[in-house]
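Undergrad: Handing you this structure, nothing more for now.
The values are calculated or read from the model by the stated rules, or taken from the named source; none is laboratory data. Predicted model only: the values in this text are computed from it and were never measured. Cβ placement follows ideal geometry from the backbone for every residue including glycine, while neighbour counts extend to all protein chains displayed. SASA here: full protein model, heavy atoms, side chains in, ligands and nucleic acids out. Shrake-Rupley method; radii C 1.70, N 1.55, O 1.52, S 1.80 Å.
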Amino acid sequence: WRARHAALAIALVRGNHDEHAGDPPADLGLQIVDEPHALGPLRACHHPQLLPGLGVLCGHVHPAVRLQGPGRERLRLPCFALRPFTAEQGGLLLLPAFGAFTGASLRPLPPGLRRYAVGADRVWALDGR
């Protein structure tokens, strides 16, 4: 895949897995960066953290939701979790995982986060918003 998309600039923010595995091979052509990595007014981080005055995109947690229907149907979906931006505390967007390698967490999220499930080629607002 990387060979077919060699012109695509990709930055990889180091995280807790990289401490043991090390950086990926140089021939993949990835820019390897530490957190927080500047992306204009945003910062890319592996671990969730608030940075005053900035929006943060992060992984590590990779939230998911389990939806249950009236007929015992169950559906597990990846989801985004958003802490709205304030000038004093900044903002936070937890990114979902879509592959089996990273997994997804059903653990409860801290209060004040809005969840947005991803499924059926759409993003669905949860939590009544």
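Undergrad: Of all residues in segment 83-109, which are in a strand (DSSP E or B) and in contact (Cβ under 8 Å) with a residue 12 or more places away in the chain? Spell out how you get there, then give the answer.
TA: Filtering segment 83-109 down to residues in a strand (DSSP E or B) leaves 83-86, 90-94, 105.
ARG83, PRO84, PHE85, GLY90, GLY91, LEU92, LEU93, LEU94, SER105, listed by residue number.
Undergrad: On the given criteria, is PRO84 surrounded by fewer than 10 Cβ atoms within 10 Å (Cβ to Cβ), closer than 28 Å to GLY53 by Cα and modelled with pLDDT under 95?
TA: Numbers: surrounded by fewer than 10 Cβ atoms within 10 Å (Cβ to Cβ): no; closer than 28 Å to GLY53 by Cα: yes; modelled with pLDDT under 95: yes.
For PRO84, the condition - surrounded by fewer than 10 Cβ atoms within 10 Å (Cβ to Cβ), closer than 28 Å to GLY53 by Cα and modelled with pLDDT under 95 - is not met.
Undergrad: Select from segment 87-103 the residues that are open to solvent by 40 Å² or more (accessible area, probe 1.4 Å) and over 21 Å from LEU54 (Cβ atoms) and write down the one among them that is modelled with the highest pLDDT.
TA: Of all residues in segment 87-103, those open to solvent by 40 Å² or more (accessible area, probe 1.4 Å) come to 87-89, 93, 95, 98-102.
Now narrow it down to the ones that are over 21 Å from LEU54 (Cβ atoms): 98-102.
Numbers: PHE98: 83, GLY99: 75, ALA100: 72, PHE101: 70, THR102: 72.
Once the filter is applied, the top-ranked residue is PHE98.
Undergrad: Taking ALA125, is it closer than 25 Å to LEU42 by Cα and touching a Leu at 6+ places or on another chain (Cβ under 9 Å)? Explain how you work it out, then say what you get.
TA: Values: closer than 25 Å to LEU42 by Cα: yes; touching a Leu at 6+ places or on another chain (Cβ under 9 Å): no.
Spelling it out, it is not the case that ALA125 is closer than 25 Å to LEU42 by Cα and touching a Leu at 6+ places or on another chain (Cβ under 9 Å).
Undergrad: Please verify whether segment 31-42 includes one or more residues that are touching a strand residue (DSSP E or B) at 6+ places or on another chain (Cβ under 8 Å) and at pLDDT below 90.
TA: yes
Undergrad: State which residue pairs qualify: first residue over 13 Å from ARG83 (Cα atoms) and inside segment 110-129, second residue open to solvent by 80 Å² or more (accessible area, probe 1.4 Å) in any location, beta carbons under 6 Å apart, and separation of 6 or more residues or different chains.
TA: From residues that are over 13 Å from ARG83 (Cα atoms), the pairs are ALA117/TRP124.
Undergrad: May I pose another question? Looking only at segment 7-47, how many residues end up being part of a helix (DSSP H, G or I), open to solvent by 50 Å² or more (accessible area, probe 1.4 Å) and either in contact with a Cys (Cβ under 6 Å, 6 or more places away or on another chain) or not aliphatic (A, V, I, L, M) (or both)?
TA: So the count comes out to 3.
Undergrad: Taking the conditions exactly as written (assigned to a strand (DSSP E or B) and of a type in the set (Phe, Trp, Tyr)), does PHE80 satisfy them or not?
TA: yes
Undergrad: Looking at (1) out of contact with any Asp or Glu (no Cβ under 8 Å at 6 or more places or on another chain); (2) open to solvent by 50 Å² or more (accessible area, probe 1.4 Å); (3) in a strand (DSSP E or B), can you tell me which one ARG115 breaks?
TA: (1)
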